[in-house]
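The structure appears right after this line, and notes come after that.
Here, each number is a calculation from the coordinates, and none is a lab measurement. Just so we're clear, the structure is a prediction, and the values are computed from it rather than from any experiment. Cβ: placed from backbone, ideal geometry, glycine included. Neighbour counts: every protein chain shown.
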Amino acid sequence: MKKIVKDVIFLNNDEWLDHLKDSIPATISGDKLSIYAIALEAWRRGLKVSFYEFKSKFRKKIIINYTISDGTREVKFTYSTGSDVTGRAKGISSSKTRTKKYLESEGVPFPKGQKFTSKSNDEIIEYAENHLDFPIVVKPASGKMGRGVVANIRNKEELKNALEYVRERLGFNEVILEEFIPGEEYRIYVLNGEVLAGLNRMPANVVGDGVNSLRKLIKIKNAEREQIPSVRGRSIKIDSEVKRNIKDYDYTLDSVPQKGEKILLRKNSNLSTGGDPVDATEILDGKVKEVAVKAAKSVPDLVECGVDLIVDERDGIGKVIELNTSVGLGGHLFPLEGKSRDIPSALMDYYFPGTERITTDLYFDFTKVTEMLKSGNVHEIILPVLPQEKIIKKSFITKGKLEKVGFVNFVRKKARYFNLNGFVEMRSDKSVLIVVAGTERSVNNFQEILTKYPPKRVRIDNITEGKWQGILEAGFEVIRTAKSEKAEPEQRVAIPVVDDGHLQKLKKTNTNLKKTNVDLNKTNKDLEKEIARLKKENENFQRSKSWQVTRPLRLLSKKMVKRKN
Amino acid sequence: MAGRNVELKDNLTEEVVEGIKGFKLCAYSVALEGWRRGLKLTWYKDETDLCKMHRAGGSTQGKFFSLSSEDKSHYFLRSRGDGVTNKAVNLCGNKESTLKLLKKQGVPTPEGNIFDIDDDQMFKYAESIGFPVIIKPLNGSMGRGVYTNINSIEALKDALDDFKDKYKRYKSIILEKHHHGQEYRVYVVGEKVVAVTNRIPANITGDGVQSVRKLIEEKNEARKDNPYLAPKPIKIDYEVKLALKNNGLDMDSILPEGQVLYLREKSNLSSGGDPIEANDKISEEVKQIAIDALKVVPSLPHAGVDIIVDSEDNRKGVVLEINATAEISFHLFPWEGKARDVPGAIIDYYFPESVGKRKSLAYFDYHSIIEPLKTWASEEVVVAPAPRKEMHRKCLTVNGKVQKVGYMNYIRRQALKRNIHGTIRKDGPKQVKIDAMSTDEKIFDEFIDVCYKGSKKSRVDHVKIEDKKMAYTPYKMGFVVETE
């Protein structure tokens, strides 16, 4: 929420998009991330962005919808989907049965299957024997997060067990039987007939470093995940499934895997249970991509589509599982391995061809927007539209008689008059820091008024102009208490014009050092905990009967040792 | 303070206007009235391409808004709607041109003329219009440099010397006849007088028992019942002490019963003055003068007119000024008399089809809506529509492990999803109270289930459900976790 950069996470994965590295506040994850990334791209292109709340009676959920407009065309978005995807297209893709009809008519390969609502288990088995090829998979018709999915069922007997488990034990009466396709599953994003991204989801995993225990490795991985917008808040929980998988490796939580050894902690690859999004755009076979494009095209008006398919390891053919609208973009934007794919930019190029990003130095407070829309008080919020010109940043440290003479209000008024973003801050050394971002003309006009025409009671002795390295929040704010001095100084202090490259290096080193420091602190804490645990164990041991009973024996052996000497 | 008759509007309670002051309160009260009638309310950070209203020298955030029905929109700055043209605003901003125009059209105004500060002609002129006279700077404001009740040529010379000494900036002055009599602010909409207020300087009334100090304290205490006057107490400063001294009194003096003591010269409400509602105290003739004054200015459908009523003949009066962006809050929150619904009259004027429509009792969270506009982080904010259907209300008392386990926030989210308004608050260590309101009675069954179910870490032992009647009191939009 703050203008202060400390709430924005600085990411330093080189494979990620430069213009998003510093722009995702720590409060944004999940669905919000997709909405924010698209709206941010649109806003940075000088388009008009308006958010509004929509109460879905059906889902009992407050959905934040938004429209993007260039003055002539207005596009309505729900999650990541724009209005070129018609309601009909959404309807078809949300129904697996209807989707299959369209896929079939276009000759797109997909695993054969059937949905059962009221038939008895025996009838289902009979159907499977006559119409499907084993191995097959059974899944609940309305399942979520992979719950109740039984895969690789090889025969009639196993099918019977599986049906009993899913229908009777778990209570999912409606089930789907489908051919089981062995192979890797991919999510392929298709926009207007073109594959933009392919994603492979890897089950929750850790990689050994030869030093840390599995317990510790999971902890480190979870801390890392908190830093990554796509998987933030989706940690690996050590539950019975994770323990079972570790056991399969003949390890315990205290085992230390070798350096480079990858331990898969789950079977399912859902991101929500700790899975990793891994970019696979480049490894996908051209033929597989063709299938994805064909699948998306088979449904009319499905211009944006997330195609789920399995590449059959037996014949290398992509077989379509599902077509999705409202695709989550987090994994594509912030994969744990591989390159980011800039879908928000592609979407804007598609809906608003000819527009270009004006700035990467500004972001807007999306958390505030969502809070307001969900407060029940606000129906719609429109962001200020950026001017269609290059945006520059400048900082000024002013010194002189600036207190209680209306200087800060003067700065605020002028900054707003010239439509500048940034902030003015009174610092404890009585200097005033001003940071502005806007068109070159308006920044220069502001500077001229600041230097030549300050209010009468103000006396400026000195103005130091500098470059501002950090990213700025939209709007212009007055900061009365110098928060900067409490926060990370290297981000906050205006840096006089120096060699940028050197500075970036220093910043990076500093960030890395800080990270190391955090890690060391953590390790230290863990060690302390471990010592405390051992001490307690030791105490317990000394208190234990067997230790006390054997005391005379130990004394005796000590004496004997002495005698020997 | 006995015998003071006051009648405030019960849909504009203290909570509804909490923390909203000055011109923002003007804007808010007009916006709220329109919104409560079902109009769409949008707040803007700044003027828009569609509407460039004269700002009257102020900022726009929290004061600039539009109201829309299905087929039309009107923009407002503070209390001024877009029916008042910028030309009219400019004209009213210049007192001299206004008075000249009024005079030309036969509306009574004080006799006066503009003079160069060193022009000796003014003494002759003063004699011709007759003493007492007033001098004031041309284009001055806020009563600065105004010298009143000047009774002779000598006094006029003294006043001029003092003026030249203190206000070097002004080269021209206005010399005007000083009319004795009460000054009234008359708010006119269309061809109707909606509100009349007489603003009087800070004062106390003696009871023959209590000291001046105690009387001021009591008066300030009584002002707290009025949300508009509450933050404007009488402060005991140099001016007040001087007034006491001039009356041969001090802070410990006892004032005889019934004696009114004025503590200041000027009738500013902000320094403790009283707005006295006076709709029935001025004559129809004077009201007509105010209406005529508006008619003379082109495109001025509503405004506040300052009139001095002749102390000898209450059918006579002179217009001092027309305020195109008048403050209206004191009409809504008088110290004495009946609140006059200026916002209602303004909305009636712009949206005649909304007259008599069912009004919501809700109010919205003005402060949080205005915040992103103040920092220019958003361009426009549209307020969620006011619930205008009949409201149902239930009060739930929930026992169990319901504090510090995320229960209260969980209930808030669940309520908001279902369009349920209300509050949740702690009530003892193991109990919370929920006050829930909705236009959809059926939604409560579901909501009650949610209250039983609770959040992940909570444990609900018992829920007591009471049906409550909707009281005729305003309620806030949204669902709030109340903290002590």
In the range A:244-351, lysine pairs 8 or more places apart or on different chains with C-alpha atoms under 18 Å apart total 9
Computed curve, the range B:90-226, Cα-only Debye sum without solvent term, log₁₀ I(q)/I(0) at 0.09, 0.21 Å⁻¹, is -0.42, -1.26
Mean per-residue count of partner chain Cβ within 10 Å for A:367-376 equals 5
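Measure up A:Lys452/B:Lys136; A:Lys374/B:Lys389; B:Lys9/B:Lys232; B:Lys24/B:Lys235; B:Lys266/B:Lys374 against 27 Å on the Cα-Cα distance and list the ones that go over. Present the calculation step by step, with values, prior to reporting the outcome.
On the way: A:Lys452/B:Lys136 34 Å; A:Lys374/B:Lys389 21 Å; B:Lys9/B:Lys232 20 Å; B:Lys24/B:Lys235 24 Å; B:Lys266/B:Lys374 33 Å.
Correct reply: A:Lys452/B:Lys136; B:Lys266/B:Lys374.
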Per residue of B:369-375, other chain Cβ atoms within 10 Å number on average 6
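For the range B:111-178, what does the convex hull of the Cα positions come to per residue, in cubic angstrom? Don't skip to the end; give the middle numbers.
Numbers: hull volume 5.0 nm³, N = 68.
So the per-residue hull volume is 73 Å³.
May I ask you to list the chymotrypsin sites (Phe, Trp or Tyr not before Pro) in the range B:130-173 that are in a DSSP loop and have at most 16 other Cβ atoms within 10 Å of their Cβ?
Details: sites: B:Tyr147, B:Phe163, B:Tyr167, B:Tyr170; in loops: B:Tyr167, B:Tyr170.
Sparse-neighbourhood loop chymotrypsin sites (Phe, Trp or Tyr not before Pro): B:Tyr167.
Return the loop-located trypsin sites (Lys or Arg not before Pro) in the range B:386-484 (DSSP other than H, G, I, E, B) with at most 10 other Cβ atoms within 10 Å of their own Cβ; answer none if there are none.
Numbers: sites: B:Arg388, B:Lys389, B:Arg393, B:Lys394, B:Lys401, B:Lys404, B:Arg412, B:Arg413, B:Lys417, B:Arg418, B:Arg425, B:Lys426, B:Lys430, B:Lys433, B:Lys442, B:Lys453, B:Lys456, B:Lys457, B:Arg459, B:Lys464, B:Lys468, B:Lys469, B:Lys476; in loops: B:Arg388, B:Lys389, B:Lys404, B:Arg418, B:Lys430, B:Lys442, B:Lys456, B:Lys457, B:Lys469.
Qualifying residues, ordered by number: B:Lys389, B:Lys404, B:Lys442, B:Lys456, B:Lys469.
Excluding A:Val207 itself, calculate the net charge of residues whose Cβ lies under 13 Å from the Cβ of A:Val207, where each Lys or Arg counts +1 and each Asp or Glu counts -1. Numbers along the way, then the final one.
Working: positive: A:Lys216, A:Lys221, A:Lys259, A:Lys262; negative: A:Asp209, A:Glu224, A:Glu261, A:Asp276, A:Glu337.
Here the charged neighbours net out to -1.
How high is the relative contact order of the range B:392-482, in percent, with contacts defined as C-alpha pairs under 8 Å that are six or more residues apart? All intermediate terms of the calculation are to be shown ahead of the outcome.
Working: 175 pairs, mean separation 44.1, N = 91.
About 48 percent, as a whole number.
Could you list B:Asp313, A:Asp308, B:Asp49 so that the one with the fewest beta carbons within 10 Å of its beta carbon is first and the one with the most is last?
On the way: B:Asp313 11, A:Asp308 16, B:Asp49 5.
Listing B:Asp313, A:Asp308, B:Asp49 from fewest to most nearby Cβ atoms yields B:Asp49, B:Asp313, A:Asp308.
Which entries of A:Lys48/A:Lys368; B:Lys219/B:Lys338; B:Lys433/B:Lys476; A:Lys48/B:Lys359 have Cα-Cα distances beyond 26 Å here?
On the way: A:Lys48/A:Lys368 18 Å; B:Lys219/B:Lys338 19 Å; B:Lys433/B:Lys476 17 Å; A:Lys48/B:Lys359 34 Å.
Listed pairs above 26 Å: A:Lys48/B:Lys359.
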With no solvent term and unit scatterers on the alpha-carbon positions of the protein assembly as shown, Debye gives log₁₀ I(q)/I(0) at q = 0.04, 0.05, 0.06 Å⁻¹ of -0.31, -0.47, -0.65
The aspartates and glutamates whose Cα lies under 15 Å from the Cα of B:Lys426, excluding any fewer than 8 residues away in the same chain, are B:Asp435, B:Glu482, B:Glu484
